[in-house]
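One structure is given here, and the rest of the page talks about it.
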Amino acid sequence: MREIEQSMAEHNTEGASVRLLKTVVMVGMMGAGKTAVGKALAAKLHVPFKDSDAEIELAANMTIPEIFARDGEPFFRDKESQIIARLLEGVPAVLSTGGGAYLASENRTLISQKGVAVCLQADLAVLWSRVRHRDTRPLLRTPDPYATLKGLYKDREPLYARADLIVVSDGVASIETMVDRVIAALSTRPDVLEIS
């Protein structure tokens, strides 16, 4: 934590001109805060916010759980990759992805080539506290959702660790503080964030 705070102090963007050069792609587990932090980050950087799940739902005219139920996860993942590739084109933006998007090697490669992957890393207790009362997570529609989440966490964390940048989401920090942490991480990448 002290390293992040020191980095934030060194790279204070208040009053500075900040320009995003590549799309920031928020990755991580469900419940890590990708959408909430991503929206606030986009607002602070004055760039568009995009959400791959929302785009998939719009294209299919169905919710993610409905797509999973009707067409299955492999179909969904294929469409997800197509949508992410499309959203990485155009002006730099902040893109929030679904929890499983970063698992596919082709997505990881494309994201790092065309943008920068920022993993919001939260521990299992934080994630469970955020997703336990929601019915919008098709992968957690199991007899034991906590055990399912724990298994997903164990399987996925090594892949999320490959992200270009990792920012801790401790479940205590405000969204504004999380945005500052992400900007501090981005400021270490002059190819992504130009500060003058």
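Looking at Gly171, Gly151, which is the one that is touching a residue at least 12 places away in the same chain (Cβ under 8 Å), out of contact with any Phe, Trp or Tyr (no Cβ under 9 Å at 6 or more places or on another chain) and not aliphatic (A, V, I, L, M)? Testing whether each residue is touching a residue at least 12 places away in the same chain (Cβ under 8 Å), out of contact with any Phe, Trp or Tyr (no Cβ under 9 Å at 6 or more places or on another chain) and not aliphatic (A, V, I, L, M) leaves just Gly171. Please verify whether Val118 is touching a helix residue (DSSP H, G or I) at 6+ places or on another chain (Cβ under 7 Å), surrounded by 15 or more Cβ atoms within 10 Å (Cβ to Cβ), outside any loop (DSSP other than H, G, I, E, B) and of a type in the set (A, V, I, L, M), treating the condition exactly as stated. The answer is yes for Val118.
Please tell me if Val168 is over 25 Å from Leu110 (Cα atoms) and among the hydrophobic types (A, V, I, L, M, F, W, C). Considered against the rule, which asks whether it is over 25 Å from Leu110 (Cα atoms) and among the hydrophobic types (A, V, I, L, M, F, W, C), Val168 comes out as no. Read through the list (1) crowded, with 16+ Cβ neighbours inside 10 Å; (2) of a type outside the set (D, E, K, R); (3) assigned to a helix (DSSP H, G or I), then give the number of the only condition that Ala59 fails. All conditions are met except number (1). Candidates Ser169, Ser129, Ser187, Ser96: the one that is out of contact with any Leu (no Cβ under 7 Å at 6 or more places or on another chain), more than 23 Å from Thr63 (Cβ to Cβ) and not β-branched (Val, Ile, Thr) is Ser129.
Of all residues in the range 169-180, count the ones that are buried (at least 17 other Cβ atoms within 10 Å of the Cβ) and either under 14 Å from the mean Cα position of the chain (by Cα) or more than 23 Å from Pro92 (Cα to Cα) (or both). Break it down into steps so the answer makes sense when it comes.
Looking only at the range 169-180, we keep the residues that are buried (at least 17 other Cβ atoms within 10 Å of the Cβ), and these are 169, 173, 178-180.
In the following step, the residues that additionally are either under 14 Å from the mean Cα position of the chain (by Cα) or more than 23 Å from Pro92 (Cα to Cα) (or both) were identified as 169, 173, 178-179.
Of the residues in that region, 4 qualify.
Can you confirm whether Val91 is in contact with a strand residue (DSSP E or B) (Cβ under 6 Å, 6 or more places away or on another chain), in a loop (DSSP other than H, G, I, E, B), farther than 27 Å from Thr142 by Cα and not hydroxyl-bearing (Ser, Thr, Tyr)? Working first, answer last.
Values: in contact with a strand residue (DSSP E or B) (Cβ under 6 Å, 6 or more places away or on another chain): no; in a loop (DSSP other than H, G, I, E, B): yes; farther than 27 Å from Thr142 by Cα: yes; not hydroxyl-bearing (Ser, Thr, Tyr): yes.
Against the criterion (in contact with a strand residue (DSSP E or B) (Cβ under 6 Å, 6 or more places away or on another chain), in a loop (DSSP other than H, G, I, E, B), farther than 27 Å from Thr142 by Cα and not hydroxyl-bearing (Ser, Thr, Tyr)), Val91 does not qualify.
If only residues of the range 142-166 that are of a type in the set (A, V, I, L, M) and closer than 16 Å to Ser112 by Cβ are counted, the one that is surrounded by the most Cβ atoms within 10 Å (Cβ to Cβ) is Ala163.
Residues of the range 31-53 that are touching a residue at least 60 places away in the same chain (Cβ under 8 Å) and buried (at least 23 other Cβ atoms within 10 Å of the Cβ): Gly31, Ala32, Gly33, Lys34, Val37, Leu41.
We did not get these values from a lab; they are worked out from the coordinates using the rules stated. Quick caveat: nothing in here was measured; it's all calculated off a predicted structure. For neighbour counting, all protein chains shown are included, and Cβ atoms are generated from backbone atoms with ideal geometry for every residue, glycine included.
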